[in-house]
1. Would segment A:437-450 turn up any residue that is of a type in the set (Asp, Glu) and under 34 Å from the mean Cα position of the chain (by Cα)?
2. Can you tell me how many residues within segment A:401-415 are under 19 Å from the mean Cα position of the chain (by Cα) and part of a strand (DSSP E or B)?
3. Looking at the structure I just gave you, is residue A:306 assigned by TED's automatic domain parsing to the domain that holds residue A:119 and over 30 Å from residue A:467 (Cβ atoms)?
4. Out of all the residues in segment A:393-400, is one or more away from chain B (no Cβ under 14 Å), in a loop (DSSP other than H, G, I, E, B) and under 24 Å from residue A:487 (Cα atoms)?
5. Give me the pairs, please: first residue somewhere in segment B:165-191 and at the interface with another protein chain (Cβ under 10 Å from one of its Cβ atoms), second residue anywhere and in a loop (DSSP other than H, G, I, E, B), beta-carbon distance under 6 Å, and either six or more positions apart or on two chains.
6. Within segment B:96-110, which residues are of a type in the set (A, V, I, L, M, F, W, C) and closer than 11 Å to residue B:82 by Cα?
7. Kindly indicate the residue of segment A:19-73 that is part of a loop (DSSP other than H, G, I, E, B) and of a type in the set (Phe, Trp, Tyr) and also farthest from residue A:109 (Cα to Cα) among those meeting that condition.
8. Return a yes/no flag: does segment A:361-369 have any residue that is without any contact (Cβ under 8 Å) to a residue 24 or more places away in the chain, surrounded by 14 or more Cβ atoms within 10 Å (Cβ to Cβ), over 24 Å from the mean Cα position of the chain (by Cα) and under 22 Å from residue A:35 (Cα atoms).
Amino acid sequence: MAFAQLSVDSASARSMDEVVVTATRTPRLMGNIAIPVTVINSKTVYQYGSLRLNDILGEQTGINVIDNFGKGVQVQGLSSEYTLILIDGEPLIGRTGGVLDLSRITVRNIRKIEIVKGPSSSLYGSEAMGGVINIITDGAGQNKTSAGLRYGRFNTLDGNINFSRKFNNTDVTASFNYNRSEGFSLKPNQIQKTVEPYWKTAQQISVNHQINDKWKMGAGLRRNVTYIDNTIEVSNLGNSTLSKGFERNNEYNITPFVQFKGNKIRTTLRGYVTGFEAVQLLNVKGNSDTYNDRFNQVFSRVENQTDWQIREQSSLTLGAGHVDESVASNRYDSMSTKRKNSISYFFVQHEEQLSDKLTLIGGFRFDANRAYASVWSPKIAMQFKASGKLSFNISYGRGFKAPDFRQLYLNFTNLAAGSYSVFGSEVAVPELNRLTSLQQIDQVTSMVGLLSALKPETSGGFNLGAKWKVDNQLQITANLFRNDITNMIVTDIVAFKKNGGQIYSYFNLKSALTQGLEFDVDKRISKTFSIKAGYQFLYTADKEVLKGIKKGETFKRDLISGNSVRMKLADYGGLPQRSKHTANLKLNYENTSGFFATTRMIYRGRWGTFDQDGNGIINRKDEYANSYLQVNASAGFSLKKYWKIMAGLDNILNYKDVIYLPGNPGRMGYIDIQFNF
Amino acid sequence: MKTRSIIGTVLAAIVIFQSCTKEETSAPRVTLIEKIVTDVPSDTIIGFSPIGQPIGAGKFTFYSFETNSIVPSSDSNSTKWDIAMRGTTILTNNGTSGPGKGGAFVYVGTYDDLTLVPADSTFKIDAAPSYAITTGSNKGWYLYTPQTNLVTPIPGRVLVIKTATGRYAKMEITNYYKGGITPPASASDAVKTFSQRYYTFRFTYQADGTTTFK
């Protein structure tokens, strides 16, 4: 029964019939999934003119792209570090400040993107707290070749070649993408550009071989390179000097697998090795000093997953694996010292169709970690089909995020800015002892007593959703969510140095909540015209702040009188970077001769930036960035059999915000040609 | 040391006596002094250290509530001053900081809320490098925001101070920059660096030795 669903045509027009693999790690029809899932198919990605993963995700309901250490994703109000990004089911590594830069990933070779919201650590382990985004690449099992070229403002050039062939029992797919831009300046009088010139390449090749009707094996290889020019003004001794250099990220991954598929059993043994190497080199002009930052992460994993169809209504998924991770960085020690962690884990998931109307899924995962405490992550979900048109989902799951290497091992002293130091929790005590013996410590704070092994950050996530297919032309979905996050890792001062510098380390001290409602309407007006509308209401809070306000111990400073005023709960703007209201409206036109046109309006309500009145929280008007509306449009047509030509204009209203949206250059046009045969 | 402090006490007593007599002649019960003070420099930036840190001369600015004025640093070992500032660090005249009978604690509430020093209050004593008014961002009276590189007084923090002569005062720091105006977040680091370390505060000094601020 479950395996039969594999044969359902995924190109089917209606989303309920789409096959989704990410939500349960087994192929399931979209209409049968008990947790919130969004699927974006390649046609949408093409018609919306998206190049990189951030382009397409930023236009989805309930997803915000935040510009901070690259383009990070925010799902259900949780920031990028709490969202797991997969390519063909395997996790991407290489985060800066917890942010995985979505612009690293091209979407020019994808079949679809699946987005699962709410915690899924019961299947995926660390980082799957706010959600899981799985990019499924295109090609396997088809004979096609396509090539595309795009040119846009700022000399943005994007070229891609995708190739796939099906031989007797062997599928081969290969793709190549090149992306470059000369960057842009939002502040014209500065030498340093707001976005520096860059180029990126992505190469991928995979081979799948069907040995016989039961056994299959294959391997994939992927490589990504990002190169960014750096011209940075460095302020030193009160004078600013110009330094030149570059930033280069090198990423690879290898994915061999072997799979057995019987009548009731399917089992897959999968290996995964991925590396992420980042180098930043800067030569300060008129100074022999060279800034050299290196970071090298390797993640390797072996995993077995076995799916057992016990009866027609009952299936079981079992999995176990082992991960070895290492990081070497001159931010921690030297490149020759490798910091290591290993994780052994197993997971179980049972799905039971109790009746035609009721399906239950329960499961858990256990992660035993060497470098920090082990975690249990259970999840339970239920789907109730009230009728053929109306269904309800309810789920509760636990999520976690492991302390990252930075939080464990960072050993950083900034001599330029106040001589402060940051020590990871594992190195803080020895470093403090060393500095004490060198008589460099002036004073330790009470936080020293709290220094201990970091625990993973954990969350509990609740989702209650409804899907109502009013008729063939109208579908309405809604989802209520709530996430409670505890043991969040924050920095605090552990000591002061005699030269006045502060020493920071990491602590599991914060707890937060995010809750809200996501609402989508999908209406087909005619055979050629459809409208999609989406809205998210989001409320977020730091729980300590809520306690402080309730106790009457939190104040704000009035902008005009300068007096302190006791805060009310309604004054509190929640966690920074979160918009209470976000919405989108998309108009799509497409006729049978291959002409299409789209207009997408993306609204982002005001969001908190940073504190200005000394209470450390968002409350005053001047602490918000302005809301804005971004309008993007595109249109294209097919020429003869092989050619597809399109043009687009992003940010038609030319909205810019130099301070809070540095990655947004304003209006940006492009033309795009694709050739398929 | 001891003689000096005795002399200090005697001097202070004379000052108080004088002020009392003065008030008795004009209007009784006007022992409450309320002032707003701007631009008290506190070790303002004069240059950079070899590693590029902005530095001042390293000297404290001493202040008297009673006279509402800066006290010369030659009087640092006297009870002529009540508080002293250097950067964000604030001393009170007691313990390791001075010979006075001072002390302090940070009251959480609005300035107007504090009409009376609560009976169960504990005045802390300076014991360098730990001070009655706790140093550090978000620990005592101010918050440092790394994103903006700005120091902002925490709203709802009133410094309750026992003066060098054992009287009571309350003060609220409202700004840390020249002219009482915090530079905008987008201002250059140079502007932020050179306009910092100027205190704007208001204080209420109760000269009659009672703990009431009404």
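The values are calculated or read from the model by the stated rules, or taken from the named source; none is laboratory data. Just so it is clear, the model here is predicted, and its values are computed rather than measured. Cβ coordinates were reconstructed from backbone atoms using ideal geometry, including for glycine residues, and neighbour counts include every protein chain displayed.
1. Step one: of segment A:437-450, the residues of a type in the set (Asp, Glu) are A:442.
Keeping just the survivors that are under 34 Å from the mean Cα position of the chain (by Cα) gives none.
Checking segment A:437-450: not a single residue is of a type in the set (Asp, Glu) and under 34 Å from the mean Cα position of the chain (by Cα).
2. Here the count works out to 1.
3. Details: assigned by TED's automatic domain parsing to the domain that holds residue A:119: yes; over 30 Å from residue A:467 (Cβ atoms): yes.
Against the criterion (assigned by TED's automatic domain parsing to the domain that holds residue A:119 and over 30 Å from residue A:467 (Cβ atoms)), residue A:306 qualifies.
4. Keep residues of segment A:393-400 that are away from chain B (no Cβ under 14 Å), which gives A:393-400.
Imposing the further condition that a residue be in a loop (DSSP other than H, G, I, E, B) reduces the set to none.
Scanning segment A:393-400 turns up no residue that is away from chain B (no Cβ under 14 Å), in a loop (DSSP other than H, G, I, E, B) and under 24 Å from residue A:487 (Cα atoms).
5. Listed pairs, sorted by first residue: B:172/B:111; B:173/B:141; B:174/A:562; B:185/B:148.
6. Scanning segment B:96-110 gives a single hit, B:104.
7. In the first step, residues of segment A:19-73 are kept if they are part of a loop (DSSP other than H, G, I, E, B); the result is A:21-27, A:33-36, A:48-51, A:58-62, A:68-70.
Going one step further and asking which of them are of a type in the set (Phe, Trp, Tyr), we end up with A:48, A:69.
Numbers: A:48: 15, A:69: 25 Å.
The residue in question is A:69.
8. In the first step, residues of segment A:361-369 are kept if they are without any contact (Cβ under 8 Å) to a residue 24 or more places away in the chain; the result is A:362, A:366.
With surrounded by 14 or more Cβ atoms within 10 Å (Cβ to Cβ) added as a condition, the list becomes A:362, A:366.
Narrowing further to those that are over 24 Å from the mean Cα position of the chain (by Cα): A:362.
After this cut, where a residue has to be under 22 Å from residue A:35 (Cα atoms) as well, the list is A:362.
Among the residues of segment A:361-369, at least one is without any contact (Cβ under 8 Å) to a residue 24 or more places away in the chain, surrounded by 14 or more Cβ atoms within 10 Å (Cβ to Cβ), over 24 Å from the mean Cα position of the chain (by Cα) and under 22 Å from residue A:35 (Cα atoms), which makes the answer yes.
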